[in-house]
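Structure first, commentary second.
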Amino acid sequence: MEHGSIKDPSRATFSFVDEDHTLANSLRYSLNQDARVSYCGYSIPHPSDARVNIRVQTTGDPAREVLKDACQNLKLMCQHVRTSFDESVADFRNNEPSKMETSDSEN
Amino acid sequence: MVHTGFNIIIKALFLFRAFARQNPDLNPSSVVGFSPFLGALLATIHYCLVAPKFRRESNDSIDQIQEATMSEEESSSNSGSDESMSEDERREAPKNDFSSIWDLPDVPKGQLPPHLTRQKTRVFCKADAPTHTDNVQYSGAYASIGVDNSLQIDFFRKNFRVEVIKLDKDVMEFDMIGIDAAIANAFRRILISEVPTMAIEKVLIANNTSLVQDEVLAHRLGLIPISADPRLFEYLSANDTPNEKNTIVFKLHVHCKRGEPRRSVYSEELQWLPNGSGFAKESERSDAKSSTYTSFNCSQDSVPEFSNNPIRPTDDKIILAKLGPGQEIELEAHAVKGMGKAHAKWSPVGTAWYRMLPEVVLEENVVGEDAEELKRKCPVNVFDIEDMGNGKKRATVARPRACTLCRECIRGEKWEKRVSLLRVKDHFIFTIESTGQLPPEVLFTEAVKILEDKCQRVIDELS
Ligand code: SF4
């Protein structure tokens, strides 16, 4: 990962090695949701290079911090997805035997 | 800067006046005469030495508050400017005899008008092509009408839902509601190509007189899913020696005797060698101690996870080759940990996919013969007929989830107007087909964890 910014910290390009659309597109989403971001986008310069460039331009805050916050937000979302998923699976497991019983008794 | 300096001078003057009043015996003229100079001096000192630091700190804290309330402020400031605009226009209103567009009764404040909400949350499947397929991600996309489009994490937490529809050993179907396609797609991509599993990578063939060529046989072996929890293993990198932590060894020795009919070789005949390779490595020096192709320090079946759950292929009846009389295969297969993006054999899923929830809306009442026709049109029986009493019939949408979007029901001009085929953009019907190494619900949690790790890596890198 590199940090390609010139004097102005509010605009920068971040280059991530060994990442692809998976992370870049989710980060783009997360960045776009931040009101401090005036522009963001990503590109994969060459398909056989495992590298992705993420461009972040902000309304004034350092791009690096904004990107960090976007990652943090994305991480929090993931954690929430994981907990609610686990809960739903547990719920489903708890309800399943009862469902099967009722269908058995009906037959 | 000048402004702040002046403020301080004036403050200093006031202070001195108060001081003079409290001490009437002090010569007022001297105080008054001195104070401007003294005040200015004090102010300069204060401004140069003390103030800058204080100022920076206070600015910082203000920035933080602004950050925290940015979205609220933005929306409120927007609506504020809108209001001021509308006030201007209202003043002109008597002249033009129409007031601001913002005063019209059907313009909701702080939320999108219904048609925009619909375009934002639904894909419209028209007869020729779908429209409004994009997701509006930019937080300020609707700023001009005073609507904040950013997603607050609390709001996400409140609205996100998972509903399990089906869950068994290999397949799982669940609804994921209230999440953007970017993230749902990230989970899908990770499931297919970044959740690690164990698969046969190296095959040492001692003898193969079957019709299947060595390389084809090796490829077939590689694709066999192996029921071993990949989380208990490490990656084998180029310079590592294969050991009990990164390699699983299987042996296959099958023979078709002369005079016997042809036989098939099944995956169940792969035999797990918990102690590692049994093939001796040939070394240049004949006196060297004979070593094998792996160097296991202990037997893998001493690991509690494997001692009563031996490692084997997940399915017993996968045909590997067929042997004619007199043919023989003798080989050893080494399985290592890997990811689907290197080779599909490491992919833990047959596939993982999602579709957006279909929504079928009847824009007008469809009754009588038309209702019958509509019901007949749909091959998956999405529509039902409702009896409205005295022989009248009306079509209803009974099973929108079953809709395959074949567009049969919107064929013909009149039908296109009557039926809307929509897809809910933030409702994903997610299906995971595991190949059997890990149960599908575990695969999904692993995938989410991988995305979290990626985020954490970026955070660490930037800190
Ligand atoms: S699109 Fe096809 S499947 Fe869906 S409701 Fe219309 S006819 Fe039925």
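The values are calculated or read from the model by the stated rules, or taken from the named source; none is laboratory data. Predicted model only: the values in this text are computed from it and were never measured. Cβ atoms come from the backbone with ideal geometry, glycine included; neighbour counts cover every protein chain shown. For the accessible areas, the whole protein counts, side chains as well, though only heavy atoms, and no ligand, DNA or RNA atoms are used. Shrake-Rupley method; radii C 1.70, N 1.55, O 1.52, S 1.80 Å.
Got at least one residue in the range B:413-430 being more than 23 Å from residue B:118 (Cα to Cα) and either more than 31 Å from the chain's Cα centre (by Cα) or of a type in the set (Val, Ile, Thr) (or both)?
The initial filter retains those residues of the range B:413-430 that are more than 23 Å from residue B:118 (Cα to Cα), namely none.
Checked the range B:413-430: no residue is more than 23 Å from residue B:118 (Cα to Cα) and either more than 31 Å from the chain's Cα centre (by Cα) or of a type in the set (Val, Ile, Thr) (or both).
So which residues in the range B:254-269 are outside any strand (DSSP E or B) and farther than 13 Å from residue B:317 by Cβ? Break it down stepwise before answering.
Keep residues of the range B:254-269 that are outside any strand (DSSP E or B), which gives B:256-262, B:267-269.
Answer for the range B:254-269, where residues must be outside any strand (DSSP E or B) and farther than 13 Å from residue B:317 by Cβ: B:256, B:257, B:258, B:259, B:260, B:261, B:262.
Do we find a residue being loosely packed, with under 13 Cβ neighbours inside 10 Å, part of a loop (DSSP other than H, G, I, E, B) and away from the ligand (no atom under 16 Å from the Cβ) anywhere in the range B:311-324? Walk me through it before giving the result.
In the first step, residues of the range B:311-324 are kept if they are loosely packed, with under 13 Cβ neighbours inside 10 Å; the result is B:316-317, B:319.
Still in the list and also part of a loop (DSSP other than H, G, I, E, B): B:316-317.
Restricting the remaining residues to those that are away from the ligand (no atom under 16 Å from the Cβ) gives B:316-317.
There is at least one residue in the range B:311-324 that is loosely packed, with under 13 Cβ neighbours inside 10 Å, part of a loop (DSSP other than H, G, I, E, B) and away from the ligand (no atom under 16 Å from the Cβ).
Only residues that are at pLDDT 90 or above and open to solvent by 40 Å² or more (accessible area, probe 1.4 Å): list them for the range B:378-392, please.
B:379, B:380, B:381, B:384, B:385 - these are the residues of the range B:378-392 that are at pLDDT 90 or above and open to solvent by 40 Å² or more (accessible area, probe 1.4 Å).
Take the residues of the range B:329-370 that are within 14 Å of the ligand (Cβ to nearest atom) and open to solvent by less than 30 Å² (accessible area, probe 1.4 Å): which is farthest from residue B:265 (Cα to Cα)?
So the residue we want is B:366.
Please work out which one of (1) basic (Lys, Arg); (2) within 9 Å of chain B (Cβ to nearest Cβ); (3) more than 17 Å from residue B:186 (Cβ to Cβ); (4) open to solvent by less than 70 Å² (accessible area, probe 1.4 Å) is the condition residue A:93 fails and give its number.
Failed condition: (4).
Here's a check for you: in the range B:243-253, which residue that is in contact (Cβ under 8 Å) with a residue 60 or more places away in the chain and in a loop (DSSP other than H, G, I, E, B) is surrounded by the fewest Cβ atoms within 10 Å (Cβ to Cβ)?
Residue satisfying both the conditions and the ranking: B:246.
In the range A:1-77, which strands (runs of 3 or more DSSP E) lie fully inside it and hold 2 or more residues that are farther than 24 Å from residue B:448 by Cα, free of Cβ contacts under 8 Å to residues at least 60 places away in the same chain and more than 10 Å from chain B (Cβ to nearest Cβ)?
It comes to A:11-17, A:51-58.
If only one of B:401, B:355 is in contact with a Ser or Thr (Cβ under 9 Å, 6 or more places away or on another chain), of a type in the set (Lys, Arg) and away from chain A (no Cβ under 14 Å), which one is it?
Working: B:401 fails: in contact with a Ser or Thr (Cβ under 9 Å, 6 or more places away or on another chain).
Answer to the check: B:355.
With the condition kept exactly as written, say whether any residue in the range B:397-410 is away from the ligand (no atom under 12 Å from the Cβ) and open to solvent by 40 Å² or more (accessible area, probe 1.4 Å).
Start the filter on the range B:397-410 by keeping residues that are away from the ligand (no atom under 12 Å from the Cβ), which leaves none.
No; the residues of the range B:397-410 include none that is away from the ligand (no atom under 12 Å from the Cβ) and open to solvent by 40 Å² or more (accessible area, probe 1.4 Å).
I'd like the full set of residues that are of a type in the set (A, V, I, L, M) and more than 8 Å from the ligand (Cβ to nearest atom), limited to the range B:371-390.
Here is the first cut: in the range B:371-390, the ones of a type in the set (A, V, I, L, M) are B:371, B:374, B:380, B:382, B:385, B:388.
If the condition is that a residue be of a type in the set (A, V, I, L, M) and more than 8 Å from the ligand (Cβ to nearest atom), then B:371, B:374, B:385, B:388 are the ones that fit.
Quick check: is even one residue across the range B:414-432 more than 24 Å from residue A:85 (Cβ to Cβ), more than 11 Å from the ligand (Cβ to nearest atom) and small (Gly, Ala, Ser)?
For the range B:414-432, residues more than 24 Å from residue A:85 (Cβ to Cβ), more than 11 Å from the ligand (Cβ to nearest atom) and small (Gly, Ala, Ser): absent.
State which residue pairs qualify: first residue at pLDDT 55 or above and inside the range A:85-107, second residue open to solvent by 100 Å² or more (accessible area, probe 1.4 Å) in any location, beta carbons under 9 Å apart, and separation of 6 or more residues or different chains.
From the range A:85-107, the pairs are A:88/B:161.
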